[in-house]
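Values in this text are rule-based calculations from the coordinates and carry no lab data. All values reported here derive from a predicted model rather than from experimental measurement. Every residue, glycine among them, receives a Cβ derived from its backbone with ideal geometry; neighbour counts consider all protein chains shown.
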Amino acid sequence: MTKIYFIICVFCVSCFVASGQSFYRMKVDITIKVKNLDSTFQYTKGIVRYDKNFKKIVYDITFPQKEFYLSQDTLIYKYQGEKLISTIGSPFKPEFSIFHFILNNDISDFGLKNSSFKATNVDKVNDLIITKWTAPNSPKFPLGNIIVSSRNKRLQSVVLYGKKGEILSRQIFKKYTFVSGLEVPTEILAINYINGSKTYQIIQFDKVQVNEPGHDAEYDFQAEKYNP
Amino acid sequence: MKKTIFKSISVFLAVLMFSLQTFAYSSKTSVPITQDEIQSVTNFDESEIYTAFAEVSDLDQYLATNDSKTYSDVNLENSKLLNGISASTTLPFSQSKDEKALGIPSFLWGCVLGWVGLLIVYLMLENKEETKKALWGCVAGTAVWVVVYVILIAASASTTTSSGYYY
């Protein structure tokens, strides 16, 4: 009997330790390709750093030109060299970025579990679990419902609807990789619908690093430091 | 020992029953998933997206082996790789190519409204690059007005001269 209790205790402790492993920062090589409405392309390459304690996304861009972007709160600061070029408002805070969802292991539900959306239905089609997330019933809320599909707890695709039921964006999350026990999609495909036309986007992650020790200054970039 | 096990099982069953009741209540408020919504997430043609980027595959390969090159480096070495590719940066999930005040290009703001357009762009966007575009628009607009003014003055002067000749 004592042996059984000992085994149960060891099992419980190991479960607790496994669930307690926290991921707090990540660094990835990123490539972003966009096809615009006028059929021109934008091609961006660089490194992204995100630490969920600092709540800042730092983009160290190398192509098209060496630039530096800091996304903090609802602002994006753009630097060339050490000079602040512009400050632009952003609708998304870093806490609602894909990097935050990945680190919190919230990627399977697109981070909606902790949002104002409510899961109002679940369906199963073959091996896909499809969840309907209903938007808050407020006239001021800018989005409609969101449909999320996942397979083996991995987010597969997301469809964002507008208030009138029109599709705004469709996204596919693929090429998952395991990094230190963290599941990361390394390719995201997206189609955005704007007034009956489409724009396309491919985001690719490479050289994913999790919980990089040291280098705090690179993750906790001080916007004020470089203000002219 | 038996008592403890029985107590634990009964507590577990009570919790299970409570959560099942809660689930049954919440399922009453469910919103049906339509067939269109199911198809929107299941019938996703990835090839449409990959095909859209076929034109940049050469640049992809080039940058994979030359990762420190910038747009201007590539432009000097092999400008054909940059056909149709803008020199502006984009960030993940951003939708607009350029920032525009009320959806109108900054150049036009400056060109049509002059310094007022310049001020609008400066105050609305707080973006030096866009303000520069508005400034160029302002310069271009002013230049056009100067040319038009000179032509009108010249035309009226010649009309006066020629009318003098006839009188």
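So if we plug the beta-carbon distance of B:Ser47 and A:Lys164 into 1/(1 + (r/R0)^6) with R0 = 45 Å, what FRET efficiency do we get, rounded to 0.05? Walk me through the numbers on the way to the answer.
Numbers: r = 29 Å, r/R0 = 0.64.
Rounded to the nearest 0.05, the efficiency is 0.95.
Describe numerically, in nm with one decimal, the distance between label points set 7 Å from Cα along Cα→Cβ at A:Lys83 and at B:Val147.
In this crude spin-label approximation the distance works out to 3.0 nm.
Test of understanding: ordering B:Trp109, B:Trp115 by Cβ neighbours within 10 Å, fewest first, what list do you get?
B:Trp115, B:Trp109
With the crude spin-label approximation of a point 7 Å out along Cα→Cβ, what separation in nm comes out for A:Lys55 versus A:Thr134?
Modelled inter-label distance: 3.0 nm.
Trypsin sites (Lys or Arg not before Pro), restricted to region A:162-228: which are DSSP loop and have at most 13 other Cβ atoms within 10 Å?
Answer in residue order: A:Lys163, A:Lys164.
What is the gain in length, in nm to one decimal, between B:Ala154 and B:Leu76 on full extension, counting 0.36 nm per residue of separation less the C-alpha to C-alpha distance? Don't skip to the answer; put the middle values down first.
Values: separation 78, 0.36 × 78 = 28.08 nm, distance 4.55 nm.
Result for the pair: 23.5 nm of gain on full extension.
How do A:Asp38, A:Asp106 rank when sorted from fewest to most other Cβ atoms within 10 Å of their own Cβ? Don't jump to the answer; show the numbers that get you there.
Numbers: A:Asp38 10, A:Asp106 17.
Final ranking by Cβ density, sparse to dense: A:Asp38, A:Asp106.
What FRET efficiency comes out for B:Ser30 versus A:Arg151 if R0 is 22 angstrom and r is the Cβ-Cβ distance? Round to the nearest 0.05.
Once the sixth-power term is evaluated, E becomes 0.50.
Calculate the spin-label point distance for B:Phe12 paired with A:Asp220, positioning each point 7 Å from the Cα along the beta-carbon direction, and give it in nanometres.
The answer from the label model is 4.5 nm.
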